[in-house]
Amino acid sequence: MAKKAKNSEKNGPRHSGNFSQESGISGNLWLATVVLIGLFVGYLNYQHIYTLFENDKHFSHLADFEREMAYRTEMGLYYSYYKTIITAPSFLEGVQLITRDTVTEHGHEINTLNRFNLYPEVILAFLYRPFRALAKSANWQVETCWQVNRGDLRPVESCEGIGNPHYFYITGVFVVAGTVATSLFYLGVLVSDSIFGGILSVLCFAFNHGEATRVQWTPPLRESFAFPFIIGHIAILTYIIKYRKSSTAHLLLLISAAVPALLFWQFTQFAFFTQICSIFAAFSMDLVPLDTAKTIIKSHLSAFFISFVMLFGNEMMIAALYFPSIWALATVIYISPMLAGIRLRPLYLLILALIFGSITLGLKVGFSKGLGIEDDAHIFDILRSKFTSFANFHTRLYTCSAEFDFIQYATIEKLSSTLLIPLALLSIGAFSWDFLSKTSLLWRTLENEDSEYGEVIYNLVQLICSTTMAVLIMRLKLFMTPHLCITVALLANSKLLGGDKIAKTVRSSVLVGLVAMLAFRGIPNIRHQLNIKGEYSNPDQEMLFDWIQSNTKQDAVFAGTMPVMANVKLTTLRPIVNHPHYEHVGIRDRTLKVYSMFSKKPVAEVHQTMKKMGVNYFIFQLMNCSNDERKPECVYRGMWDEEDPKNSARTSLCDLWILAANSKDNSRIAPFKIVYNPNRNYIVLKI
């Protein structure tokens with residue numbers, strides 16, 4: 001098996017079709033065309049994302065502090081570290097500040113590079129500082145500023161241009177995000193052996209853009225940086241499987257895409273776990289040569305250890321399913337030659353599946369229990385809560401949010417109305433008919449080693465994994481929708497449309513008609529996106545932050561809801577005790593204590609809890625104490641009734657804070673004291 005794989009690489013690809021043209025003038029011209037189209041659609045995607053972002057917030061007319069407030073929840077937290085590095089005396093001093101951070105979780109010194117996957121901010125800050133210095137020395141005009149009148153609010157200075165730190169940051173995000181379209185085009189070409197297949201993939205992505213990504217609304221999120229590398233890694237992997245590559249150069253190419261993906265997002269390891277499962281499926285069907293499989297698994301192992309070291313030994317990486325699955329697949333790959341004598345395919349698949357599953361689960365449980373790592377326990381709690389009556393405070397914070405709920409029917413309806421799901425199902429059906437007609441599901445033969453479509457089987461299994469993730473957690477539809485677009489490209493594969501039995505002109509006519517149908521359904525979606533017009537303004541929060549900067553000490557410690565705390569840290573630079581990055585058992589425990597301010601516990605008990613954490617001020621929003629008769633368990637009052645039943649008969653602290661704010665009487669909330677209460681939104685309690 002290994003010998004044949006090597007020979008196939010030396011002699012060139014086995015597949016027929018455009019992508020496998022032999023080298024020569026026509027082949028080089030075709031390849032150059034593919035590369036240029038890929039770069040062009042990537043640029044168009046970048047411009048589209050940038051336009052949507054500007055339209056949504058009128059970003060060009062905001063002051064820098066307004067832009068900071070526009071980065072809600074996690075976004076503000078991540079951007080704050082970029083701000084820390086670019087405002088530090090030197091780059092290295094800035095990096096030291098974020099690796100020995102005492103502001104994010106007051107009372108603890110934490111390495112935020114280890115905890116929050118902040119390499120995008122480090123890289124952008126590293127590039128921004130010398131760029132700004134070079135622009136200044138060369139007297140380049142890289143920033144334009146003007147005064148913006150804001151009606152009843154005070155005028156502000158707004159600066160636009162790549163020299164502005166915000167513009168430099170979001171431009172970096174959108175340049176990376178633009179490559180998603182490039183990778184989808186290349187993937188479409190790979191699975192269809194046709195440029196038209198790449199065009200189909202990109203058009204499906206464009207026509208379903210709103211269901212495929214949210215980078216245009218939330219640029220600083222980790223997925224905005226990591227997903228382009230994940231889809232790029234899938235494109236490289238598809239190429240390697242298709243052409244049975246196993247050289248060192250291809251190993252390094254895989255590593256070069258996998259490492260940034262792992263460094264930029266904590267969820268990448270779960271995405272790569274599904275990739276390991278997909279590779280296992282293709283390999284166990286004898287569709288991936290042994291040498292190619294070894295190259296793939298070596299790349300994953302190398303990428304894991306490089307990322308683990310660069311993230312300062314992130315414990316969650318060890319305990320997640322990805323690391324154990326690498327060893328499980330490696331075991332399967334290296335012992336598969338010993339099972340070559342098994343010709344009955346179901347028996348062969350069963351043996352490999354038992355090996356893969358037992359090693360993965362065994363190592364997962366062993367690492368988690370042996371090392372006492374619980375950082376990813378909430379993920380399994382969330383999944384458990386979806387299928388059982390189990391629920392706790394932490395799972396409700398997730399599952400009560402629409403993005404962590406099951407996929408909505410409206411999403412399926414939208415993807416069906418643009419014909420994405422129907423065409424993807426048609427593609428799968430056509431491919432399955434062709435594949436099953438050539439492949440024996442009962443017996444393994446030597447000829448199976450030469451079977452085509454290993455890259456397609458890999459991508460279809462990956463689609464199944466991505467769809468499963470999206471169905472369980474709607475936020476993860478960013479994996480499903482692009483893979484549906486890749487699947488549609490199969491319709492441009494001549495082998496699935498009758499091959500030589502159908503004239504080329506007839507196939508072309510069918511594909512042109514297909515594009516017309518997609519455009520008829522999809523262009524209104526693009527127009528709808530471009531017609532979204534907004535303007536960011538949050539005067540209440542602006543007043544709050546002005547008060548904090550004018551009336552509290554620089555080292556005053558704040559607590560409150562997670563979204564607000566991220567902005568407090570970013571804009572006022574005050575220490576905080578809790579934040580929105582919830583993927584750590586310690587911060588989940590801290591947040592539970594902070595949110596006891598919405599419980600029915602005795603005032604004195606809650607005050608003591610705040611004092612022990614070193615909190616000086618608590619920021620309270622009246623909307624945090626709202627009621628929801630439809631889902632009472634999804635508001636803080638109801639959450640605490642479930643979490644703390646022994647105090648459920650007491651008066652809610654929410655009612656006490658609201659009563660004190662309305663009456664201007666602090667006697668019922670002593671030893672707390674309201675020190676800021678100018679409107680019906682934010683209230684600040686002094687501890």
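The values are calculated or read from the model by the stated rules, or taken from the named source; none is laboratory data. Keep in mind the model is a prediction, meaning the values are calculated, not measured. Neighbour counts are summed over all protein chains in view; Cβ atoms, including those assigned to glycine, are modelled from backbone coordinates with ideal geometry. Ligands, DNA and RNA are excluded from the accessible area calculation, which covers all protein heavy atoms including side chains. Shrake-Rupley method; radii C 1.70, N 1.55, O 1.52, S 1.80 Å.
Quick look at the values:
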| read-out | value |
| --- | --- |
| For the chain, average projected area of the Cα convex hull in nm² | 33.3 |
| Area of W30 that stays accessible when all protein chains are in place (1.4 Å probe, Å², to 10) | 40 |
| Cβ-defined net charge surrounding C485, 15 Å radius [Lys, Arg +1; Asp, Glu -1] | +2 |
| In nm, spacing of pseudo-spin labels at L349 and E535 (7 Å Cα→C-beta vector) | 6.0 |
| Cross-link pairs beyond the 23 Å C-alpha cut-off, checked among K57/K631; K83/K553; K245/K298; K569/K601; K136/K569 | K57/K631; K569/K601; K136/K569 |
| Sequence-distant lysines (8 or more away, or on other chains) whose Cα lies within less than 22 Å of K477 | K386, K414 |
| Degrees separating the helix 345-371 axis from the principal Cα axis of the chain, which is the longest one | 20 |
| FRET efficiency estimate (nearest 0.05) - Cβ-Cβ, R100 to Q608, R0 35 angstrom | 0.75 |
| Cα→Cβ-extended label distance, 7 Å offset, between A249 and T144, nm | 4.5 |
| Label point at H58 placed 7 Å out along Cα→Cβ; residues across the stretch 117-159 whose backbone nitrogen lies under 16 Å | 146-159 |
| Sorted peptide list for 276-283, 508-515, criterion being average Cβ within 10 angstrom, highest first | 276-283, 508-515 |
| Net charge of neighbours whose Cβ lies under 12 Å from the Cβ of L329, counting Lys and Arg as +1 and Asp and Glu as -1 | +2 |
| Taking the stretch 138-246 and dividing mean pair separation by its residue count, relative contact order in percent (alpha carbons under 8 Å, at least six apart) | 22 |
| Computed accessible area, K533, all protein chains, 1.4 angstrom probe, square angstrom | 140 |
| Sites matching trypsin sites (Lys or Arg not before Pro) across the stretch 252-350 that sit in DSSP coil, with at most 15 neighbouring C-beta atoms within 10 Å | R343 |
| Projected label distance in nm at T468 and W547, using a 7 Å step from Cα toward the beta-carbon | 5.1 |
| Fully extended contour minus Cα-Cα distance, from S509 to F131, at 0.36 nm per residue | 131.0 nm |
| Normalised per residue, the volume of the convex hull around the Cα set of the stretch 223-298 (Å³) | 71 |
| Reachable aspartates and glutamates, given that their alpha-carbon falls under 18 Å from the alpha-carbon of K664 and they are not under 8 places away in the same chain | D655 |
| Extension gain (nm, one decimal) between T51 and E93, 0.36 nm per residue minus Cα-Cα | 11.6 nm |
| Taking the chain and dividing mean pair separation by its residue count, relative contact order in percent (alpha carbons under 8 Å, at least six apart) | 18 |
| Per-peptide average of other Cβ atoms within 10 Å, ordering 640-652, 354-366 highest first | 354-366, 640-652 |
| Extension gain from S358 to V675, taking 0.36 nm per residue of separation minus the Cα-Cα distance | 108.3 nm |
| In Hz, Karplus ³J(HN,Hα) per residue of the stretch 387-394 (6.51, -1.76, 1.60; θ = phi - 60°; x = Gly, Pro) | 10, 9, 7, 5, 6, 9, 4, 5 |
| Ordering of 171-180, 580-589 by burial proxy (mean other Cβ atoms within 10 Å per residue, highest first) | 171-180, 580-589 |
| Overall Cα dimensions of the stretch 255-298 - principal axes, largest extent first, Å | 33, 18, 10 |
| Set of aspartates and glutamates near K612 by C-alpha distance (under 15 Å), chain-local residues within fewer than 8 positions excluded | E105, D589 |
| Ellipticity estimate at 222 nm from DSSP helix runs (n ≥ 4, -39,500 (n - 2.57)) divided over the chain, nearest 500 | -20000 deg cm²/dmol |
| Reduced Cα scattering model of the stretch 127-200, Debye log10 I(q)/I(0), q = 0.20, 0.24 Å⁻¹ | -0.86, -1.01 |
| Sites S667 and E109 - FRET efficiency at Förster radius 45 Å, r taken between beta-carbons, to 0.05 | 0.70 |
